[in-house]
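The values are calculated or read from the model by the stated rules, or taken from the named source; none is laboratory data. Just so it is clear, the structure is predicted and the values come from calculations on it, not from any experiment. Note: ideal-geometry Cβ built from the backbone for every residue, glycine included; neighbour counts use all protein chains shown. These accessible areas exclude ligands, DNA and RNA; they are computed on the full protein's heavy atoms, side chains included. Shrake-Rupley method; radii C 1.70, N 1.55, O 1.52, S 1.80 Å.
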Amino acid sequence: MSDLGIGKRRSSERLSIGVVCYRSVGGSGIVASELAAGLTGRGHDVHLIASAQPSRTLPQHDRLFHHEVSVSDYPLFDQTLYPLALASTIVGVVRTHGLDLLHVHYAVPHCASAYLARQVLGDAAPCLVTTLHGTDVTRFGADPNDQSVTRFTVVASDALTVPSEFLKSEAKRVFGLTGEPPVEVIANFVDTDRFTPPARRDPTHFDELFRGAHSAAEGGRPTLFHVSTFRPVKRVADLISVLARLRRHVPARLVLVGDGPEQPTAARYARELGVAESVRFLGMRDDFADDLRHADAFLLPSESESFGVAALEALSAGVPVFGYRVGGLPEVVSDGVGRLVEPFDIEALAAAVRQVVTDPGRRNVLGGAARAHALAHFRREPALDRYEACFRRVLDARAGEKGERS
Ligand code: GMT
């Protein structure tokens with residue numbers, strides 16, 4: 001742990017940062033992992049704490065340390081003790097490696113675990129920055145059963161960040177935030193080197209995947225793409241409805257990446273609507289960038305999204321994005337890089353997608369604008385600057401308090 005001393009920290013000072021996140025393909029885990037990689041690249045020591053190695057594959061770095069939360073099993077327990085195990089892991093990491101600051105992603109139950117760990121650590125406790133991501137506010141923050149504990153542990157953070165203005169106003173409303181801790185919008189970012197448009201888009205790229213399913217005349221395109229955790233909030237059945245509507249006019253196909261509770265529903269619905277042969281589920285995988293960049297359109301018809309990392313990755317790959325005008329999605333997908341329609345107007349969504357995928361010239365204009373939009377507004381380095389500045393503000397305030405006490 002670096003010696004805080006009294007007064008301001010130098011902006012070049014190397015920090016020791018603990019990052020707590022979920023390992024799943026969900027956006028919060030991706031943002032946390034990419035952030036961890038970026039911070040190590042800037043010379044900080046980062047201790048990534050999760051139940052397993054995060055799904056986003058990261059380059060090895062001698063400043064990046066992985067700590068797995070191992071949850072005890074005992075016949076008495078009929079529920080997982082993850083929150084307790086996480087608190088113990090945090091305490092262990094701080095005692096062994098020293099941390100200046102803990103950055104937790106997704107409040108539930110991470111803020112409660114961090115709160116407990118800080119109580120145990122007393123004066124050695126690191127500062128705490130929490131990034132709220134979405135349903136931790138809109139679902140758990142708003143649920144009367146969970147609200148009091150969630151709120152109590154969220155407001156114990158030294159600072160809060162959110163990925164969109166939408167989530168900032170939701171967090172303020174739901175948790176009744178009035179200024180302390182401060183809430184800062186730091187938009188999610190994308191690795192624009194990993195998600196790039198191809199040198200030349202190959203309209204036959206997906207033909208192998210659909211081999212045998214279609215007549216030769218159907219080879220080529222258009223191909224729709226989707227990536228998600230297949231939770232009910234993602235409305236994956238709408239993807240199938242859009243595909244079925246599209247196929248009345250064009251031989252469209254749909255490729256889905258990810259897994260979750262709604263996957264069987266989507267597969268069944270595809271069979272019911274007679275489009276199963278035109279749908280491919282690729283499952284949970286992290287190596288989809290090479291496929292995504294050849295898609296004609298990316299669909300994210302969610303009920304709600306505080307941001308939509310998957311949509312941003314598509315934009316960065318030069319793929320136009322389509323969905324509903326909900327939550328923070330309009331802060332990511334502006335006109336000219338795709339289309340958001342009124343929630344939950346499937347006809348309008350299908351019509352918007354059809355207009356673009358049947359007009360290669362228009363699709364390419366939107367794709368070019370999508371890539372430019374991602375480069376202009378969502379690159380990683382400016383976001384890292386914002387996080388670093390937030391961390392240093394919090395650490396300076398702590399150093400100031402210690403100075404006043406001594
Ligand atoms: O809040 C969630 O549902 C989970 C979370 C996740 O881990 O995927 O998703 C949220 O955080 C992402 C990263 O900031 C955002 O891109 C997603 O829009 C957001 N999901 C929702 O708001 C439903």
Starting from 0.36 nm per residue, how many nanometres of slack lie between L282 and E303 once their C-alpha separation is accounted for? 5.3 nm
With every protein chain kept in place and a 1.4 Å probe, the chain has an accessible area per residue in Å² of 43
Let a ≥ b ≥ c be the square roots of the eigenvalues of the Cα gyration tensor of segment 78-152; is it rounded (a/c under 1.5), or, if not, prolate (a/b larger than b/c) or oblate? prolate
Can you give the Rg and Dmax of the chain based on its C-alpha atoms, in angstrom? 22.3, 79
Taking only C-alpha pairs under 8 Å that are 6+ residues apart, what is the relative contact order of segment 1-128 in percent? 26
Protein accessible area in segment 1-146, 1.4 Å probe - carbon and sulfur %: 51
Calculated from DSSP H runs of 4 or more alone, at -39500 (n - 2.57) each and per residue, what is the 222 nm mean residue ellipticity of the chain, nearest 500? -12000 deg cm²/dmol
May I ask you to rank H47, H66, H377 by accessible area, largest first, using a 1.4 Å probe over the protein chains only? H377, H66, H47
Give me the distance in nm between label points sitting 7 Å out from Cα along the Cα-to-Cβ direction at H249 and S334, one decimal. 2.8
Just to confirm the number: angle between the C-alpha axis of helix 165-175 and the first principal axis of the chain, 0 to 90 degrees, nearest 10? 50
How many nm separate the modelled label positions at E342 and S406, each set 7 Å beyond the Cα in the direction of the Cβ? 6.3
With the label point 7 Å along the Cα-to-beta-carbon line of Y82 and a cut-off under 18 Å to each amide N, the hits in segment 40-72 are 48-56, 67-72
Specify the angular offset, from 0 to 90 degrees and rounded to the nearest 10, of the alpha carbon long axis of helix 263-272 from the longest principal axis of the alpha carbons in the chain. 10
Compute the acute angle (0 to 90°) between the alpha-carbon long axis of helix 380-405 and the principal axis of greatest extent of the alpha-carbon atoms of the chain; round to the nearest 10°. 20
